[in-house]
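To start, the structure itself, in C-alpha cells.
The values are calculated or read from the model by the stated rules, or taken from the named source; none is laboratory data. Quantities reported herein were computed from a predicted structural model and do not represent experimental measurements. Note that we place each Cβ from the backbone using ideal geometry, even for glycine, and neighbour counts take in every protein chain shown. Just the protein is used for accessible areas: all its heavy atoms, side chains included, with ligands, DNA and RNA removed. Shrake-Rupley method; radii C 1.70, N 1.55, O 1.52, S 1.80 Å.
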Amino acid sequence: MDAQPDPAHEPGTGLDRRAELSEFLRTRRARLKPEDVGLPDFGRHRRVPGLRREELAQLAGVSVAYYTRLEQGNGQNVSAEVLDSIARALRLTDAEHAHLMHLAKPKQHKKKPAARAQQVRVALRQLLDSIDGVPAYIVGRRSDILAWNRMAAALFGDWAELPPQERNWARLVFLNPAYRELFVEWDQKQSDMVSYLRMDAGCHPEDPRLSALVGELSVKSEEFRRLWATHDVKEKSHGVKHLRHPLVGELTLSFETFSIVDDAEQSLITYHAEPGSPSADALRLLASWGTDATHVGRTAPRA
C-alpha cells in the first residue's frame, strides 16, 4: 500500500524541527507510567497513555504552561537547566538527552552546500587498506557508506558495484531484500538503523538530502514508517552482531565505532571476532577469498 510522506520530511525541504521536538517529547512522555515515577495510577480513569503534561511538569519543576509550550515545539527561550530537568523527569538516555538539546537549542554552524559529497581523507583510506583481516568502513551523514576495505566487501558485499547514491545503510536495510538474509537479528538491525538516522536528523534538520531520504523510505517501506514514528534515537557505539554469511555461515562479531576527530560527521566502524573462535576462522576464510567472496555462491547485494 502506498503512503504519502509526512509534511515534516517532504523531500528537498529539511525536517520541521518544531514538529520533531513536539513529537519527541510527546512519545517520551507517553512511554512513562505513573508508577515508574512514584505517582498514583488512577487506572481506567486515565485518558492518555503514559504521564499527563501536568504530571511531567510537576516532576520537572516547571509550570504546566511552560512545559506545554515546549511540547508544542517552542524551545527558543528554554534554558539548558530546564531541559536537563525535563530530561531527568522523562528518564532520557544520554543519546535522547543529546537529541532533545539538538532539537530545542540547535547549534549555529556553517551550512555546507547540500550537493557537496562528503570526502574521506587519503590517509584514512590508506588506513582502511592497511587493516588486514578486520572488516572496516567509514560511514558519514545520512548513514552514507563513504569508504571500506576488502574485508568489509567480503563480509557485506562489494559496495563498489553500487551507484554512489545507493551506498547508504538505510537504503540497504529497508530497500534491499538481500541484507535481510545477512543479519540474524533483523528486527534489531532495522530499529538501530532508524535510531541512528533519527539522531542524525536531530543534529541536521536542515539537510534536504536527509529529508529526501526519510521521505523516500517512508513511502517505500512500511517497516521504516512504523519505526520512524517511534522517535527512538541511538548513537553508534559498540556491541555484537550475529551474521549469516552465504559462504562461511554464522559469525558472531564485535563492532566498535571510532569518531573521526576532524570531521564529527564521519565514523570508522570495525568488526572483529574473538580470538580462536569459529567466527575468527570464518573471517580468515573470507580474507583468503577477498572481494571474490561476493561472487562465489551469491551475487553482491544490490539495491
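Structure summary
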{"read-out": "Every residue from segment 71-98 that is buried (at least 20 other Cβ atoms within 10 Å of the Cβ) and over 16 Å from Glu23 (Cα atoms)", "value": "Ala89"}
{"read-out": "Residue that is surrounded by the fewest Cβ atoms within 10 Å (Cβ to Cβ) [pool: residues in segment 212-223 that are of a type outside the set (A, V, I, L, M) and either part of a helix (DSSP H, G or I) or modelled with pLDDT under 95 (or both)]", "value": "Glu222"}
{"read-out": "Residue match in segment 185-197 (condition: touching a Leu at 6+ places or on another chain (Cβ under 7 Å), at pLDDT 95 or above, open to solvent by 30 Å² or more (accessible area, probe 1.4 Å) and within 28 Å of Thr27 (Cβ to Cβ))", "value": "yes"}
{"read-out": "Subset of segment 224-271 [assigned to a loop (DSSP other than H, G, I, E, B) and in contact with a Ser or Thr (Cβ under 7 Å, 6 or more places away or on another chain)]", "value": "Thr230, His231, Asp232, Val233, Lys234, Lys236, Ser237"}
{"read-out": "Verdict on Glu250 being farther than 23 Å from Ala136 by Cβ and open to solvent by 20 Å² or more (accessible area, probe 1.4 Å)", "value": "no"}
{"read-out": "Hits in segment 272-303 (condition: at pLDDT 90 or above, assigned to a helix (DSSP H, G or I) and closer than 26 Å to Arg171 by Cα)", "value": "Leu283, Leu286"}
{"read-out": "Among the residues listed as Glu265, Glu181, the single one being surrounded by fewer than 15 Cβ atoms within 10 Å (Cβ to Cβ) and among the acidic types (Asp, Glu)", "value": "Glu181"}
